[in-house]
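The values are calculated or read from the model by the stated rules, or taken from the named source; none is laboratory data. Computed from a prediction, not measured in an experiment: that's the story for all the values here. Glycine also receives a Cβ, built like all others from the backbone with ideal geometry; neighbour counts cover every protein chain displayed. These area figures cover heavy atoms from the full protein model, side chains too; ligands, DNA and RNA do not enter into them. Shrake-Rupley method; radii C 1.70, N 1.55, O 1.52, S 1.80 Å.
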Amino acid sequence: MMMSDPVDPYIFTCDTLPSDPRFLPPLANGLLGWRVFGTIMHMGGVYNGEKGACHRADIPCPLEVKMRTEEEGKHTYTLDTHTGIFTHTILTSQVQASQLFYAHRQYPNLLVMEVFLKRQMTTEEPITVTLDTSFTPHSYDISFQDAPDFKGGRHIFGQTISPEVPGGPHSSVHLIWTPLTSSVTLLPDQSQSRWGFLLAAAESCESVQTCFSTGLELFEHGDLQTSHLRAWAEIWLSSRVELAGPEPLSRAVIGCMFYLLSAFPSITEAPNAFGGISPGGLSNGGQGQDYWGHVFWDQDTWIYPSIALFYPKLAKAVLDYRVRTIEGAKANAQQQGYKGLKFPWESAVSGQEVCPEDIYGQQEIHINGDVSLAFQQYFNLTQDLEMFKEGRGSEVVWGVADYWVSRVTWNPEDGHYHIRGVMPPDEYYYNIDNSVYTNSVAKNSLQFAVELANLLQHPVPSEWQEVADKLKIPFDSELKYHPEFDGYRKGSPVKQADAVLLGYPLGLTMNPEVRRNDLEWYEAITDPNGPAMTWGMFAVGWLELGQAEKAQELLKKCYKNIQGPFQVWSESSDGSGAVNFLTGMGGFLQAVLFGYTGFRLQKDGLSFAPLIPDEVAVLSVKGVSFLGNKLDMLVEKQEVNVVVRKQAGDSGSEVCPLEVVLKNSGNIIPLIPGQTVTFPRQPGKIQKQHTSSYCWPL
């Protein structure tokens, strides 16, 4: 009996497309996003509509093409996440016809379709494959007009109809594409042939012509697809998260990593104006859909941490997005009667609030602390003070601190500062006082503002520390748990992860009994149809407590949000809500990267405490970036291997290789799952610190 080839978990394939087109695979590269076979695409930072009507502008996609053969054939649809290429293949007795789509990873202004025909038998007859399309160069969001053809390509350009801010600028879009043909033909003397169809999109005529010319030249020299493949190969070479375990889990991890990376710009050339990440990514988010393509805390709290762990440069692109919206955040604070910066609950380009419903923009103010936390995580990973000097990161952190000081109310009866009239992450409640998450993330951002000011020798307003020290953090000392807010009745239903976020990612100090109570009591009353990222946070909490099997039960709940075969996530388990829900993927991936490994970014270093469930035989995490070093971890049932190496291309200081292996021989230090290894700021020799912790000391 012959053994079948092992299934490659990076390749998602099927012979029929999903009945719901929302679950067709999205292709994106940080600038352009498109759902295959769709009529529209989106471009980062291009929105239409004023204020609450602002949404990602729909841009017509000339690559909306489907192949058809004269003879009925076998269809195969494949998304290869190794390469970021989606392929539709039709196999007949006469021809193998393949149609490839990709959002170019190195040249983000390009979308590409290639058609490849190969004879299956020797004949002297031409073979024709039909290319069907309903494309029209029209948009309800952009007023397009024709421009002269350029190097054989059709050229249109236009501006969005309504600016985001009244009186503000309109976004410009130029498109040049290879004219579509109704068919392609393999001539009698040809055994195979290839055709390339390019789409270039940019904001100016000069830029789009340059991009289209580059694409033509690359195709002519056979390097268009090759350069795209090289870019994805470089990404996977630098970072991987893989595990030996159940196939659904392995595929989910790889799918999440692929789609999250697709939402970010190039690892070699971050654009000057990265447009941020919305819950459904660039492929989704038109008017009335997928939160209209706005940027929420989803970017900073849910999507950002896993990518930042590997790619500080991509993390910085997210921070730069927030820096560019400082003026809008300042205007938001002033409009509400407060000082400092108030980042919008829903953001587009200006940083002014674009949420269609005022109550969210007015009350869901934890977004400020979420943004500051992302800056803090970046600093703990990199110690990059230039980001906070020349990069204006300090303006963000200190502006957030000033906002909290102006937003709190002093209560002489209990001797605490209160934050009143808010909506917590659990959006079932509003106009409540002292949201435990909001107050905790505010306290954290105030403390970080003080720390950063001291590092930069900047005068520290006494109010920052004063408010941080005396801000009320709701806690029930009798029941030993954290109520979501003042007046919360234990047992009342909640929408999503809220109070459980105190342990991770906020790192609020609490004993194991309190952590367990928070997890148990809120799990029982969390809406089972709530958003997908919730159960990943419960899983992290149980892993902290050493309960790997309990954590795995909760993590499996996320599978219901994965809509096969292309690992596209829906916001809710019934398939409703936003797609492709990057927020849910982010929560799931954090459960693996910060749960199974126990990674924690702390002021004094990077710590970890590996723990994997029984059904996972091996977990491999490669390319964690910490202070310019690269860390690889291999977790198996009986041993944990950790290697720290110099970052590729880094000519800086020497990095001492480190291995920690569970063996009781030689000079190798024993480390069992659940123990912690900490890497402080400078490399040195590893030595035992105490019975359950190991340190890479100064």
Starting from segment 507-532, keep only residues that are open to solvent by less than 70 Å² (accessible area, probe 1.4 Å), then list their pairs with residues that are assigned to a helix (DSSP H, G or I) and aromatic (F, W, Y) whose Cβ atoms are within a distance under 9 Å, requiring at least 6 positions of separation or different chains.
-> L519/F538; L519/W542; Y522/F538; E523/W535; E523/F538; T526/W535; T526/F538; A532/F588
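Residues that are in contact (Cβ under 8 Å) with a residue 60 or more places away in the chain: list the strands (runs of 3 or more DSSP E) wholly contained in segment 42-92 that include at least 3 such residues.
65-69, 74-80
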Considering only residues of segment 166-181 that are within 15 Å of S143 (Cβ to Cβ) and in contact (Cβ under 8 Å) with a residue 12 or more places away in the chain, which is surrounded by the most Cβ atoms within 10 Å (Cβ to Cβ)?
-> L175
Selection status of G45, more than 30 Å from L186 (Cα to Cα) and either open to solvent by 10 Å² or more (accessible area, probe 1.4 Å) or of a type in the set (A, V, I, L, M) (or both) = yes
For segment 210-229, how many residues are farther than 15 Å from G153 by Cα and of a type in the set (F, W, Y)?
-> 0
Counting just the residues of segment 451-465 that are surrounded by fewer than 21 Cβ atoms within 10 Å (Cβ to Cβ) and touching a residue at least 40 places away in the same chain (Cβ under 8 Å), which one comes out nearest to R407 (Cα to Cα)?
-> E463
R35 vs. criteria open to solvent by 10 Å² or more (accessible area, probe 1.4 Å), of a type outside the set (A, V, I, L, M, F, W, C) and under 26 Å from the mean Cα position of the chain (by Cα) = yes
Residue in segment 236-259 that is modelled with the lowest pLDDT, counting only those that are touching a Gly at 6+ places or on another chain (Cβ under 9 Å) and under 12 Å from Y311 (Cα atoms) | S238
Consider K339 against the criteria (1) among the basic types (K, R); (2) under 20 Å from F448 (Cα atoms); (3) in a helix (DSSP H, G or I); (4) open to solvent by 20 Å² or more (accessible area, probe 1.4 Å): it satisfies all of them except one. Which criterion is unmet?
-> (3)
Here the residues within segment 279-295 that are open to solvent by less than 10 Å² (accessible area, probe 1.4 Å) and over 19 Å from Q567 (Cβ atoms) are G285, G286, G293, H294, V295
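Which one of F538, F485 is surrounded by 16 or more Cβ atoms within 10 Å (Cβ to Cβ), aromatic (F, W, Y), in a helix (DSSP H, G or I) and touching a strand residue (DSSP E or B) at 6+ places or on another chain (Cβ under 9 Å)?
One residue alone meets the criteria, F538.
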Among the residues of segment 113-152, the number that are within 23 Å of Q209 (Cβ to Cβ) and more than 34 Å from the chain's Cα centre (by Cα) is 8
